[in-house]
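Enquirer: Questions regarding the structure given below will be posed in turn.
The numbers here are math on the coordinates, done by the rules we state, and not lab data. What you are looking at is a predicted structure, and each value in this text was computed from that prediction instead of being measured. All Cβ positions, glycine included, derive from the backbone under ideal geometry; neighbour counts span all protein chains shown.
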Amino acid sequence: MADLLANSLSGLRAFQRALDTIGHNIANSATPGYSRQRVQLGSLPPQYAGVGYIGSGTQVTGVQRLFDDMLAAQTREASSAVGRLEVFAGIAARMDKLLADENLSPARGMQNFYGALDDLAADPASIEMRENFLTVADATAARFRMLDAQFAALGREADAAIKATVEEVNRVTENIAALNREIAVAPKSGPERQPNDLFDQRDRLLDQLSTLVGVTSTVQDDGSVNVYIGSGQPLVVGSNHYRLASAQSSYDPSRTEVTLSSDAGSAVITDTLSGGRLGGLLDYRDELLNPARRELARIAAGFAQSINEQHAAGMDLDGRLGGRLFDFTPREALASKRNAGDARVSVGIEDAGALKSERYLLRFDGTSWTLSGIDSGRTVALSGSGTAADPFRADGLSFTLDGTAQAGDSFLLDPLAGAAASLEVAISDPRAVAAAAPIRSSANPGNTGNATISPGEVVDAAHANLLDDVEITFIDASTYSINGAGSYTYTPGEPITINGWQLSISGTPDPGDAFSITANVNGTGDNRNLAAMAAQRDAGVLDGGSTDVEAALGRLVSRIGSQTSQANAALGAQNAILAEAQAQREAVSGVNLDEEAAELLRFQQAYQAAAQAIAVADEIFQTLLGAVRR
């Protein structure tokens, strides 16, 4: 009915709803994720009154939620990036601190080791100095072990955090699916008639989810939202949610993978995940921690291999050839759980200079074996046949097959994984330190020419005739014989290689001049092998001979420090981006108390005016009734 009373009553009801909504906004001004609401008013259809159309008052057409999907998506994207960088930068800083710790630093261990080597070289016959050298060598190996143990502890922390984050993601997605169910069945009509508070609850969950892992979402016609993870795998579809799980790698039981259960079954999605805390943990583990552990192991293996090779080329106090000074255990190949055959793969290290900080995948197609780098994606050339007599060889490694493989079988090779963790001194007897060179050379006292002979060096410590006596006798000034046999051309200064050793003769010999090479069985004061071991400090024993051990350690420390610094810088920039995105979102959706106060006053006055109009209508009606009675 188009009259003053009805119109005023409609205004009273509408303004009451507006005041209720303003009160709701004010009450939730401190509620995280709340989007302010506005009552939408519209005129009621007018009524024809003979002289024209007279309005029928107002009505609430809906309650609008002030929200911008694009700004929300930008905020979540920035929040996901911040979540990733916070985790990455935080744990990277811990790694950087570990590498700088004087009590753990392998670089300091190297300095101590070569210092003790120099001290022993000054008095190679001293048992006390030999004991000190072994003690320092053991402490050097212990530094590698302790640092690797700290890295391993960080890895276990990361895996535990991955598992916890996966469970938190499941809890959030379950709640999103439940809200989707409520929203889908809630009465609604048009954009202004929606369950706004349910939307806010769900958007808060989506915001929370984005801090945990990078996701995308799409809103459906019924108001529900579908959420996708990784490379587009569904995580929430309507009221259904699909669970993530943490599982052991199919190759390595110590490695945690993330799987997604769907209608098609369970699939590993670790490599497709990014963003948020989960993405940061995975990136930290796979891009920083594990590569650093493998590089530390490569350096440990290179150091031990180079020292062992030289130590084996020396002689100890008892006249025995030196063996290994250090021991370490390469990690065995890890067979896939899906392998049908019973083949096993043993791994050895042949050339420290060719080693790479990489994992490999060895596959059998039923006919041939192929090797590929997991981290680089490169195809690695294999030589050999895989037998004990002719093992596969690649990147300084050797692989020996045992058993029978079936087509499709594969193995994960991470051969250096245990090198730093297992590094230890192989000898305990100080007399077994091979300080001396195993051979000595001398000129016959009766020589009449001016030719001189070098001390000689070992090039093949495993040669069966290394310690056999050899005499070089000059037939004339340009030819010589060895142990009375042969006639060899003499070129002054040119190397002469026999029985696994090498030396040179310089000058002009007379016919009959002779030079002897014998085992250095009484060389207690000889420090030539110690000097050769000390020379390894500056030798390029890694990267094909281009990098020494201390330089490699310095490069590792520098790389971790650089990655930490870059992560912190990126975190600062991303926090600024997030703050700007949040400010833009807040400008649209946030509750401004000053604005709400102004709206409160406006609708209060409107409410009072409507009430006054009702009072006027009542007075008119009472006047009319009075006139009728009279």
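Enquirer: How much length, in nm to one decimal, is gained on full extension between Arg320 and Ala551, taken as 0.36 nm per residue of separation minus their Cα-Cα distance?
Expert: Extending this stretch completely gives an extra 79.8 nm.
Enquirer: Right, something else. Assign unit charges at the C-beta atoms only (+1 for Lys and Arg, -1 for Asp and Glu), then state the dipole size of the range 124-280 relative to its Cα centre in Debye, rounded to the nearest 20.
Expert: Rounded to the nearest 20 debye, it is 80 debye.
Enquirer: Still on this structure, I have one more. Round to the nearest 10 and give me the degree value, 0 to 90, for the angle of helix 549-589's Cα axis relative to the longest principal axis of the chain.
Expert: Compared with the principal axis, the helix lies near 0 degrees.
Enquirer: Once you charge only the Cβ atoms, +1 for Lys and Arg and -1 for Asp and Glu, what is the size of the charge dipole of the range 439-519 about its Cα centre, to the nearest 20 debye?
Expert: For this selection, approximately 80 debye.
Enquirer: Kirkwood hydrodynamic radius of the range 371-440 from all distinct Cα pairs, in Å?
Expert: 16.0
Enquirer: Continuing with this model, one more query. For the Cα atoms of the chain, what angle does the longest principal axis make with the long axis of helix 593-629, in degrees from 0 to 90, nearest 10?
Expert: On a 0 to 90 degree scale, this one is about 20.
Enquirer: Can you compute the FRET efficiency between Gln584 and Arg363 using 1/(1 + (r/R0)^6), with r the Cβ-Cβ distance and R0 = 60 Å? Round to the nearest 0.05.
Expert: Approximately 0.75, to the nearest 0.05.
Enquirer: Another one. Counting pairs on different chains as well as pairs 8 or more places apart, how many Lys pairs in the chain have Cα atoms under 28 Å apart?
Expert: 4
Enquirer: Using a simple charge model, +1 on the beta-carbon of Lys and Arg, -1 on the beta-carbon of Asp and Glu, nothing else, what dipole does the chain show about its Cα centre, in debye to the nearest 20?
Expert: Dipole of the chain, to the nearest 20 debye: 2920 debye.
Enquirer: Give the Debye-formula value of log10 I(q)/I(0) at each listed q (0.08 Å⁻¹), with one equal scatterer per alpha carbon of the chain, two decimals each.
Expert: -0.79
Enquirer: Choose one of Ser516, Val557, Met110: the residue whose Cα lies farthest towards the positive end of the charge dipole of the chain (beta-carbon charges +1 Lys, Arg; -1 Asp, Glu; about the Cα centre).
Expert: Sorting the options by dipole projection puts first Val557.
Enquirer: Suppose R0 equals 51 Å; then what is the FRET efficiency for Arg338 and Gln604 from their Cβ-Cβ distance, rounded to the nearest 0.05?
Expert: 0.10
Enquirer: Further question: If you add up the charges near Phe364, with Lys and Arg at +1 and Asp and Glu at -1, over every other residue whose beta carbon is less than 14 angstrom from its beta carbon, what do you get?
Expert: -1
Enquirer: Could you give the radius of gyration (one decimal) and Dmax (whole number) of the Cα atoms in the range 223-278, in Å?
Expert: Answer for the range 223-278, Rg first and Dmax second: 12.3, 43 Å.
Enquirer: Within the P(r) computed for the range 439-519, what percentage of the Cα pairs occupies the region above 15 Å?
Expert: 51
Enquirer: Please report the net charge: other residues with Cβ closer than 15 Å to the Cβ of Gly486, K and R +1, D and E -1.
Expert: So the surrounding residues net to -2.
Enquirer: OK, next. For the range 494-554 and the range 571-630, what is the separation of their C-alpha centers, rounded to whole Å?
Expert: Going from one Cα centre to the other spans 95 Å.
Enquirer: Taking the Cβ of Leu98 as the center, what net charge do the other residues with Cβ under 15 Å away carry, scoring Lys and Arg +1 and Asp and Glu -1?
Expert: Cβ neighbours under 15 Å give a net charge of +2.
Enquirer: How many nm separate the modelled label positions at Ala381 and Ala122, each set 7 Å beyond the Cα in the direction of the Cβ?
Expert: 4.9
Enquirer: Run the quick spin-label model on Ala152 and Tyr48: label points 7 Å from Cα toward the beta carbon, then report their separation in nm to one decimal.
Expert: Going by the 7 Å Cα→Cβ label model, 9.3 nm.
Enquirer: What ³J(HN,Hα) values, in whole Hz, does the Karplus curve 6.51 cos²θ - 1.76 cosθ + 1.60 give for the range 457-468 when θ = phi - 60°, with x put for Gly and Pro?
Expert: Per-residue couplings from phi come out as 9, 7, 10, 8, 5, 8, 5, 5, 9, 4, 9, 5 Hz.
Enquirer: Just want the ordering: Val236, Val60, from fewest to most Cβ atoms lying within 10 Å of their own Cβ.
Expert: Least crowded to most crowded, the residues run Val60, Val236.
Enquirer: Explain nothing, just compute: Karplus ³J(HN,Hα) = 6.51 cos²θ - 1.76 cosθ + 1.60, θ = phi - 60°, for every residue of the range 203-215 in order, whole Hz, x for Gly and Pro.
Expert: These are the phi-based 3J(HN,Hα) values: 5, 5, 5, 5, 4, 5, 4, 5, 6, 8, 6, x, 9 Hz.
Enquirer: DSSP loop (so not H, G, I, E, B), at most 14 other Cβ within 10 Å: list which GluC sites (Glu not before Pro) in the range 541-630 pass both filters.
Expert: Nothing satisfies the criteria.
Enquirer: Same structure, new question: For the range 122-203, what size does the Cα cloud have along each of its three principal axes, sorted from largest down, in whole Å?
Expert: 97, 18, 12
Enquirer: May I pose another question? Could you give the angle, 0 to 90 degrees to the nearest 10, between helix 4-27's Cα long axis and the longest principal axis of the Cα atoms of the chain?
Expert: Helix 4-27 sits at roughly 20 degrees to that axis.
Enquirer: Among Gly323, Ala139, Leu282, pick out the residue whose Cα is farthest towards the positive end of the charge dipole of the chain, where Lys and Arg carry +1 and Asp and Glu carry -1 on C-beta, about the Cα centre.
Expert: Farthest along the dipole direction, towards plus: Leu282.
Enquirer: In addition: Treat each spin label as a single point 7 Å out from the Cα along the C-beta direction, and report the Ile374 to Ala462 distance in nm.
Expert: 2.9
Enquirer: Tell me, in nm to one decimal, what length is gained between Ser506 and Ala264 on full extension, where the rule is 0.36 nm per residue of separation less the Cα-Cα distance?
Expert: So the extension gain works out to 79.3 nm.
Enquirer: Cut-off is 10 Å between beta-carbons; in what order do Arg181, Arg84 appear when sorted fewest neighbours first?
Expert: Arg181, Arg84
Enquirer: At 0.36 nm per residue, minus the direct Cα-Cα distance, what do Asn444 and Ser428 gain on full extension? Give it in nm, one decimal, please.
Expert: In short, 1.8 nm is gained.
Enquirer: Here's something else I'd like to know. For Gln220 and Gln406, what does the FRET efficiency come to when R0 = 60 Å and r is the distance between their Cβ atoms, rounded to the nearest 0.05?
Expert: 0.80
Enquirer: Ranking Val345, Val433, Val557 by Cβ neighbours within 10 Å, fewest first, what do you get?
Expert: Listing Val345, Val433, Val557 from fewest to most nearby Cβ atoms yields Val557, Val345, Val433.
Enquirer: Return a whole-number percent for the relative contact order of the chain, with Cα pairs under 8 Å and 6 or more residues apart as the contact set.
Expert: With pairs under 8 Å counted, the relative contact order is 18 percent.
Enquirer: Restricting to DSSP H runs of at least four residues, report the calculated mean residue ellipticity at 222 nm for the chain, -39500 (n - 2.57) per run over all residues, nearest 500 deg cm²/dmol.
Expert: -15000 deg cm²/dmol
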